[in-house]
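To start, the structure itself, in structure tokens.
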Amino acid sequence: MLAGEAIRAGAASVRISRLDRWLSIESDIDWLGEVEEFVFEKIVPFPGVGPNSMFSEVLLMAFSKSVATSSAAGVRILKGANAGPLEDATSRSGRSVAFEPLDS
């Protein structure tokens, strides 16, 4: 869902990768630029997709052990004790979101 958001927002390049238990989505654009402070906390409609659309980042907060994001503004740990694969992320114009699913 996150990769789809980035593509719908205009990304030319989206990469999904796994490191240990962490999954990360990296895009060449910042698809969360103006909505970052809201989409991890509550359901926010995704513009132009339809009446029942939403940013899926709020689901990460509900169903993940750890969540972090990285953009030109820096790295933010949103849930958990560390940023996983984004711990040493460098500033760039795009966006990365990484999460560690809950133990099954």
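Rounded to whole numbers, the Karplus 3J(HN,Hα) couplings from phi for the range 64-74 are 10, 6, 9, 9, 9, 9, 9, 8, 4, 6, x Hz, using 6.51 cos²θ - 1.76 cosθ + 1.60 with θ = phi - 60°, and x at Gly and Pro. Pairs of Cα atoms nearer than 8 Å and 6+ residues apart set the relative contact order; for the chain it is 27 percent. Under the convention that each Lys and Arg Cβ holds +1 and each Asp and Glu Cβ holds -1, the size of the dipole of the chain around its Cα centre is about 160 debye.
Taking a ≥ b ≥ c as the square roots of the eigenvalues of the alpha carbon gyration tensor, the range 55-95 is oblate, as a/c is not under 1.5 and a/b does not beat b/c.
Where (1) 20, 16, 12; (2) 31, 26, 18; (3) 33, 17, 9 are the candidate values, the label of the one calculated here for semi-axes √(5λ) of the Cα gyration tensor in Å is (1).
Note on surface exposure: M1, M54 rank M1, M54 by accessible area, highest first, 1.4 Å probe.
Surface calculation, 1.4 Å probe, protein heavy atoms: D30 sits at approximately 50 Å² accessible.
Under the combined filter of DSSP loop state and at most 14 neighbouring Cβ atoms within 10 Å, the range 1-87 retains none of its chymotrypsin sites (Phe, Trp or Tyr not before Pro).
Helical runs assigned H by DSSP (4 residues or longer) give the chain a calculated mean residue ellipticity at 222 nm of -4000 deg cm²/dmol, each run adding -39500 (n - 2.57) before division by the residue total.
Taking all protein chains as shown and a probe of 1.4 angstrom, K42 keeps an accessible surface of around 110 Å². Considering only V39, S53, S96, and ranking their Cα positions along the charge dipole of the chain that arises from unit charges at the beta-carbon of Lys, Arg, Asp and Glu, the one farthest toward the positive end is S53. By DSSP, the beta bridges lying fully in the chain are antiparallel in about 100 percent of cases.
The values are calculated or read from the model by the stated rules, or taken from the named source; none is laboratory data. What you are looking at is a predicted structure, and each value in this text was computed from that prediction instead of being measured. Every residue, glycine as well, gets a Cβ built from its backbone with ideal geometry; the counts of neighbours run over all protein chains shown. All accessible areas refer to the heavy atoms of the entire protein, side chains included, with ligands and DNA or RNA removed. Shrake-Rupley method; radii C 1.70, N 1.55, O 1.52, S 1.80 Å.
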